[in-house]
1. Which residues, counting only those in region 38-51, are at pLDDT 80 or above and either among the β-branched types (V, I, T) or under 29 Å from K2 (Cβ atoms) (or both)?
2. I'm told V28 meets every condition in (1) loosely packed, with under 10 Cβ neighbours inside 10 Å; (2) closer than 28 Å to I3 by Cβ except one. Can you identify the failing condition by its number?
3. Is there any pair with a first residue in region 46-69 that is in the same structural domain as S33 (by TED's automatic domain parsing) and a second that is exposed (fewer than 10 other Cβ atoms within 10 Å of the Cβ) and of a type in the set (S, T, N, Q) whose Cβ atoms are under 9 Å apart and which are 6 or more apart or on different chains, and what are they?
4. Can you report the number of residues in region 32-41 which are outside any loop (DSSP other than H, G, I, E, B) and without any contact (Cβ under 8 Å) to a residue 12 or more places away in the chain?
5. Are any residues in region 42-66 not polar (S, T, N, Q) and not in a helix (DSSP H, G or I), and if so, which ones?
6. Within region 1-28, can you find the residues that are more than 30 Å from L62 (Cα to Cα) and not in a helix (DSSP H, G or I)?
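The values are calculated or read from the model by the stated rules, or taken from the named source; none is laboratory data. Keep in mind that this is a model prediction, so the values were computed, not measured. For neighbour counting, all protein chains shown are included, and Cβ atoms are generated from backbone atoms with ideal geometry for every residue, glycine included.
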Amino acid sequence: MKIQHKSNSKRKDTIEAVQQKLKMRKRVETTISDIKNMFSRTVHVIKRAGFLITLILLIFGLQINKITN
């Protein structure tokens, strides 16, 4: 994943590169936002394995939700 240059950067990106980076950034932010919305406010897990299982199931649920919608 490529990062965006600052607005006052001396080495400017091409217009195509800027558009591609914005599109990729929007997709990543939307996915992260969707995952965060599926979480409850707090996740009560005791062990790391429980957290990983919860996280995997939420991502799996997000994928199923995206496919059905």
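1. Result: V45, I46.
2. The number of the failed condition is (1).
3. From residues that are in the same structural domain as S33 (by TED's automatic domain parsing), there are no pairs.
4. Residues that pass the stated criteria total 4.
5. V43, H44, V45, I46, K47
6. Selection gives H5, K6, S7, N8, S9, K10, R11, K12, D13, T14.
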